[in-house]
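The structure under discussion appears below in the form of structure tokens.
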Ligand SMILES: C[S@@+](CC[C@H](N)C(=O)[O-])C[C@H]1O[C@@H](n2cnc3c(N)ncnc32)[C@H](O)[C@@H]1O
């Protein structure tokens, strides 16, 4: 059975691609304009092309994609356009140029006529402008001949085995003329009682209490959970596990934040000498983490008095340990925080693969 060919637009470091690869797809290409993210993409998705193109200029970009396809057909387009234009914390101007990045996905789907597509975005996007943006996207793709399904409520990564309370919304379209019905999103695989906590996710990684760590170090302990076994499956060393140097004062204040607590739990008088960040939160060892963002300084390790390392955040995003992040630490944190958790992408990819078999031209 031949695998379905995928192109990934706004690929970043490749969270979506990695998940679809794990779900059995053939990833032809990731397209982005960020050099560091593309280096990471190419380093890890070795059989795929990491193409640098500005998707804002969609016509040129599509030409470049076409030239790099080497005659392959595109069966599925996956895309995670930047969320700032839609994000509740970002600009909400409907004319925000970043909103126009959807146009690149529309053009790519029009041009390549894939059997299916998937678009990911932040939950806030669904209700933006009273749902008008969402409706517009659905109608555009319906008019182009796709049956479009949208998550009624955002999917929660923890429901699919990711140790994180990240919520994301997805659009999935399947071509009507090929006989595909509407897609149904995968059911959760875990109930809240079984969610994977941060200790199960990262307890085997060195504490970095006495040193800052270095690149490429061996594991010092055996895997302590099934999740750790899964993450370590193809890896024999630890990458991207470098600590952050905090001042003694900051470490002391962090030490007062209880497990699962935040700045409000600081005893009176602690942290008053300077403005401490209101978003400061310490992970709970038995619960999934909060959403991993592109910075890395708002959350603390559940046990150690420091911010998590890139590897710890990558674990909480369900990137396997052999997936290595390149670039500066800031760039690495951005790549990790921007990504769709591979295990969540895999769950959707697997369900889409089942659906792909149900079309009229089931030639695969
Ligand atoms: C939310 S991230 C995508 C994350 C990715 N789906 C993943 O799972 O790892 C959005 C990406 O869009 C890229 N981007 C933003 N504007 C772009 C443009 N005009 N052309 C190409 N890529 C762009 C950014 O560099 C960033 O990597």
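The values are calculated or read from the model by the stated rules, or taken from the named source; none is laboratory data. Just so we're clear, the structure is a prediction, and the values are computed from it rather than from any experiment. FYI the Cβ positions are ideal-geometry reconstructions off the backbone, even for glycines, and counts take in every protein chain you see.
Computed quantities for the displayed model
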item: First in the stretch 1-22 and over 18 Å from residue 172 (Cβ atoms), second anywhere and at pLDDT below 95 and more than 8 Å from the ligand (Cβ to nearest atom), Cβ under 7 Å, 6 or more apart; result: 1/364; 2/364
item: Elements of type helices (runs of 4 or more DSSP H) contained in the stretch 94-207, each with 1 or more residues being within 22 Å of the chain's Cα centre (by Cα), at pLDDT below 95 and crowded, with 19+ Cβ neighbours inside 10 Å; result: 101-112, 132-143
item: The stretch 325-336, residues that are touching a helix residue (DSSP H, G or I) at 6+ places or on another chain (Cβ under 7 Å) and either within 14 Å of the ligand (Cβ to nearest atom) or within 14 Å of residue 291 (Cβ to Cβ) (or both); result: 325, 326, 327, 331, 332, 333, 335, 336
item: Candidates 308, 288, 342 - the one that is crowded, with 17+ Cβ neighbours inside 10 Å and within 25 Å of residue 27 (Cα to Cα); result: 342
item: Residue 294 vs. criteria over 23 Å from the mean Cα position of the chain (by Cα), surrounded by fewer than 21 Cβ atoms within 10 Å (Cβ to Cβ) and on the phi < 0 side of the Ramachandran plot; result: no
